[in-house]
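Engineer: Below you will find the structure I want to go over with you.
The values are calculated or read from the model by the stated rules, or taken from the named source; none is laboratory data. Just so it is clear, the structure is predicted and the values come from calculations on it, not from any experiment. Every residue, glycine among them, receives a Cβ derived from its backbone with ideal geometry; neighbour counts consider all protein chains shown. The protein model used for the area step is the full one, side chains on, heavy atoms only, and it has no ligands, DNA or RNA in it. Shrake-Rupley method; radii C 1.70, N 1.55, O 1.52, S 1.80 Å.
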Amino acid sequence: MTIEVSSLKELVEQASGDDRSPDTQEYFVNMGPQHPSTHGVLRLVLKLDGERVLRCIPVLGYIHRSIEKISEHMNYMNCVHLTDRMDYLSSIMNNWAVSKAVEEAAGIEVNSRIQYIRTIFAELERIQSHQLWWGVLGMDLGAFTPFLYGIRDREVLNDVMEETVGARLTMNYVLPGGLMADIHPNFVHRVKEFIKYFRPKLDEYDDLLTNNVIIQERLRNVGVLSAQTAVQYGATGPVLRGSGVAFDLRKDHPYGVYDQADFEVPVGTVGDSWDRYWVRVEEMRQSLNIVEQLLDNIPPGDFLVKKLNSKIKIPEGRYYSQLETARGILGVFIASDKKDEPYRMHYRSPNFNNLWCLEPMIKGDYIASLIGAMSSLDLVIPDIDR
Amino acid sequence: MGVVTDKLPGALEKVPGGNVLVTRFDEIINWARANSLWPLTFGTSCCAIEMLMATGGPRHDLARFGAEVARPSPRQADLLILAGTIVKRMAPRLRTLYEQMAEPRYVIATGACTISGGPFIYHSYTTVRGADEIIPVDVYVPGCPPRPEQLFHGLLTLQKMIKEGETIREPGVRRKPVISALPEGVTLEDIQGQMKELLVKENVVDVQHAVDKLKWPSGLNERSSGKSDANESGAGDGT
């Protein structure tokens, strides 16, 4: 397989050359960067034939904050705090990814209490992220009510996590070598209450959106992504699993204490928007199961392995570590030159690869379907640009 | 009727055959502007979740402040809530959006990034260090990201500024920008209690105070000497 690299100008010129029929006139439309349904500042250059999408070219860089470059001037303890601002809906998992990479490289062993708490928080945040996505998907398709339902339950979970973490969105909870603070004494009790509260709400979600005829019509057989294309484009997370590839790092290469929890990996069959929707709703149920199983077994111990100063030094070499965030595989690449600052820090963000699946998904379909298909990808733009 | 006359800045005049509401046009226009701010949905990064989504949600509910009509088009909006980092590539677009908004337009900068560049202030080759390098900002709301309560605090500050702000005789008069930060060491319950108090205080206009503050023509002042009685008895009657 060959990879062609071309500039936007070339793509536009190339796109205006082909598919020219005598009856209609193709034209270009800029969608974004300020657009309510692109979830941020994504710009899509659409080549349209009437309402049919012929090409869909994403243009990036409207929120590029040079996080990788800033990381080169920071020590490993400080790098963690920039990652919250990448994929802000799975901030603890981002922190964990960097911490995991640093711990593996520097040879820091963490105790099982830390691993338990990290796993529980990661799963809670996965639920939180999917709750928001669920509401926003409804809003993108023109239904405002799901947004209110999703945010309502998100606030309940937010309170539970805020009691321990102290922040609502950018949590900064996981550090290389442990956690910022121990869990609150009320934490276990309140999470149990939340699980009891949220299980019936998931059935309510099904009544409201999943079994809704309009939503089914808007999502079924729209934006079909075949398994082969998904793998070729490097899609991960629910996008890959929706296309029928049962690959989940939590199951296939367990980290944390996922090997001690019994859960299933929901997999779609067709690969349309509906499958991606269903996979995420099922994942919320599975995450509740994981949390429920781990909650009673949190072993005693310290929340920080030892008092770490900021000068963690990593031996010379290249290190790569990855884990499964709410959107797919987040990889952290560190090139070290024996100093306490990384020589090069690179993030393999899940959203970047998922975004490029948009064109093969939507080619030839209506522009209205584009909104639903893009919403089912669950993109976070600052994670794409970093 | 009672509700309206309670909140309108002005005074009720008792005349034979009913009451007449006396007010200044500037006051009533500013009152209307302050209570129906239409924000533009402009969220670039993390703050958008807290500022536009959590505040729009059922718990915090931006609708209480009359500012829930989020518009995707700048031509229909008069409040620009900057939520998230502004980078150099986005800066010209932000300027365009601001210029497309109709006068009078107001800007709230939320979060560390829009105030100063935030965590991306050093060593970043793309971040704009503060949105006020591109457009004028009225209220700064600090935090990373600020809590929804903090945005409300900023919104109330802006409403106050609008109410005391420009008049028809002197258009374009703006107050200096202010930082609207919640004090340290307050709990969530404190914030919500203060919010409730502020909300009541800010949105209920003391009619007597408003009348005392206004400079009426001398004849009017004499006639409305028995004003307090007129207010209490007149509120129930139809005008």
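Engineer: Scan the range A:191-232 residue by residue and report those that are over 14 Å from A:Gln131 (Cα atoms), among the charged types (D, E, K, R) and surrounded by fewer than 17 Cβ atoms within 10 Å (Cβ to Cβ).
Structural biologist: Once the filter is applied, which keeps residues that are over 14 Å from A:Gln131 (Cα atoms), among the charged types (D, E, K, R) and surrounded by fewer than 17 Cβ atoms within 10 Å (Cβ to Cβ), the range A:191-232 yields A:Lys192, A:Glu193, A:Lys196, A:Asp207, A:Glu217, A:Arg220.
Engineer: Of the numbered conditions (1) surrounded by fewer than 21 Cβ atoms within 10 Å (Cβ to Cβ); (2) among the hydrophobic types (A, V, I, L, M, F, W, C); (3) within 11 Å of chain B (Cβ to nearest Cβ), A:Ile63 satisfies every one except a single condition; which is it?
Structural biologist: The number of the failed condition is (1).
Engineer: Output the qualifying pairs, or none if there are none: Cβ atoms under 7 angstrom, residues six or more apart or on different chains, first residue in the range A:210-221 and assigned by the TED database to the domain that holds A:Gly242, second residue open to solvent by less than 80 Å² (accessible area, probe 1.4 Å) and part of a loop (DSSP other than H, G, I, E, B).
Structural biologist: Once the first residue is assigned by the TED database to the domain that holds A:Gly242 and sits in the range A:210-221, its partners that are open to solvent by less than 80 Å² (accessible area, probe 1.4 Å) and part of a loop (DSSP other than H, G, I, E, B) give A:Ile215/A:Leu141; A:Arg218/A:Leu141; A:Leu219/A:Asp272; A:Arg220/A:Asp272; A:Asn221/A:Asp272.
Engineer: Evaluate the following for A:Arg280: is it over 16 Å from A:Ile195 (Cα atoms), part of a helix (DSSP H, G or I) and in contact with a Pro (Cβ under 9 Å, 6 or more places away or on another chain)?
Structural biologist: Details: over 16 Å from A:Ile195 (Cα atoms): yes; part of a helix (DSSP H, G or I): yes; in contact with a Pro (Cβ under 9 Å, 6 or more places away or on another chain): yes.
For A:Arg280, the condition - over 16 Å from A:Ile195 (Cα atoms), part of a helix (DSSP H, G or I) and in contact with a Pro (Cβ under 9 Å, 6 or more places away or on another chain) - is met.
Matching residues to (1) among the small types (Gly, Ala, Ser); (2) in a loop (DSSP other than H, G, I, E, B):
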position: A:Gly234; (1), (2): yes, yes
position: A:Arg241; (1), (2): no, no
position: A:Pro254; (1), (2): no, yes
position: A:Asp259; (1), (2): no, no
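Engineer: Further question: Within the range B:36-47, work out how many residues are more than 7 Å from chain A (Cβ to nearest Cβ) and over 18 Å from B:Glu103 (Cβ atoms). Can you show your working first?
Structural biologist: To start, the set of residues in the range B:36-47 that are more than 7 Å from chain A (Cβ to nearest Cβ) comprises B:36-40, B:47.
Now narrow it down to the ones that are over 18 Å from B:Glu103 (Cβ atoms): B:47.
Counting residues in the range B:36-47 that are more than 7 Å from chain A (Cβ to nearest Cβ) and over 18 Å from B:Glu103 (Cβ atoms) gives 1.
Engineer: Suppose we keep only residues that are touching an Asp or Glu at 6+ places or on another chain (Cβ under 8 Å) and more than 15 Å from A:Val222 (Cα to Cα) within the range A:265-281. Which one would you say is surrounded by the most Cβ atoms within 10 Å (Cβ to Cβ)?
Structural biologist: Filtering the range A:265-281 for residues that are touching an Asp or Glu at 6+ places or on another chain (Cβ under 8 Å) and more than 15 Å from A:Val222 (Cα to Cα), the one surrounded by the most Cβ atoms within 10 Å (Cβ to Cβ) comes out as A:Arg280.
Engineer: Okay, moving on. Quick one: A:Asp49 ticks every box in (1) at negative phi; (2) in contact (Cβ under 8 Å) with a residue 40 or more places away in the chain bar one, so which box is it?
Structural biologist: It fails just one condition, (2).
Engineer: Further question: Of the residues that sit in the range B:51-70 and are open to solvent by less than 30 Å² (accessible area, probe 1.4 Å) and assigned to a helix (DSSP H, G or I), which one is modelled with the lowest pLDDT? Show your work before the answer.
Structural biologist: Going residue by residue through the range B:51-70, those that are open to solvent by less than 30 Å² (accessible area, probe 1.4 Å) are B:51, B:54-57, B:60, B:62, B:65-67.
After this cut, where a residue has to be assigned to a helix (DSSP H, G or I) as well, the list is B:51, B:54, B:62, B:65.
Working: B:Met51: 83, B:Ala54: 85, B:Leu62: 83, B:Phe65: 77.
Per the criteria, the residue is B:Phe65.
Engineer: I would also like to ask the following. Please indicate, with yes or no, whether at least one residue in the range B:124-133 is under 14 Å from A:Gln34 (Cβ atoms), in a loop (DSSP other than H, G, I, E, B) and facing chain A (nearest Cβ under 9 Å).
Structural biologist: Going through the range B:124-133, the residues under 14 Å from A:Gln34 (Cβ atoms) turn out to be none.
No.
Engineer: Would a scan of the range A:139-153 turn up a residue that is of a type in the set (D, E, K, R), outside any helix (DSSP H, G or I) and open to solvent by 10 Å² or more (accessible area, probe 1.4 Å)? Please lay out each step first, then the result.
Structural biologist: First, the residues of the range A:139-153 that are of a type in the set (D, E, K, R): A:140, A:152-153.
Subset that is outside any helix (DSSP H, G or I): none.
Checked against the condition, which is being of a type in the set (D, E, K, R), outside any helix (DSSP H, G or I) and open to solvent by 10 Å² or more (accessible area, probe 1.4 Å), the range A:139-153 yields no hits at all.
Engineer: Give me a count of the residues in the range A:331-350 that are open to solvent by 60 Å² or more (accessible area, probe 1.4 Å) and closer than 26 Å to A:Asp248 by Cβ.
Structural biologist: Of the residues in that region, 1 qualify.
Engineer: What residue, of A:Arg118, A:Arg113, A:Arg152, A:Arg85, is under 24 Å from A:Val41 (Cα atoms) and among the basic types (Lys, Arg)? Give the steps one after another, and end with the answer.
Structural biologist: Working: A:Arg118 fails: under 24 Å from A:Val41 (Cα atoms); A:Arg113 fails: under 24 Å from A:Val41 (Cα atoms); A:Arg152 fails: under 24 Å from A:Val41 (Cα atoms).
Unique residue meeting the criteria: A:Arg85.
Engineer: In the range B:71-85, which residues are at the interface with chain A (Cβ under 9 Å from one of its Cβ atoms) and either assigned to a helix (DSSP H, G or I) or crowded, with 23+ Cβ neighbours inside 10 Å (or both)?
Structural biologist: Within the range B:71-85, B:Pro74, B:Gly84, B:Thr85 qualify.
Engineer: List the residue pairs whose Cβ atoms are under 6 Å apart, where the first residue sits in the range A:116-127 and is acidic (Asp, Glu), the second is not in a helix (DSSP H, G or I), and the two are 6 or more positions apart or on different chains.
Structural biologist: Cβ pairs passing all conditions: none.
Engineer: Now for a separate question. In the range A:154-184, which residues are open to solvent by 30 Å² or more (accessible area, probe 1.4 Å), of a type in the set (Asp, Glu) and within 14 Å of chain B (Cβ to nearest Cβ)?
Structural biologist: A:Asp159, A:Glu162, A:Glu163
Engineer: So, A:Glu72, is that one open to solvent by 10 Å² or more (accessible area, probe 1.4 Å), more than 9 Å from chain B (Cβ to nearest Cβ) and not hydroxyl-bearing (Ser, Thr, Tyr) or not?
Structural biologist: Values: open to solvent by 10 Å² or more (accessible area, probe 1.4 Å): yes; more than 9 Å from chain B (Cβ to nearest Cβ): no; not hydroxyl-bearing (Ser, Thr, Tyr): yes.
So A:Glu72 does not fit the description; no.
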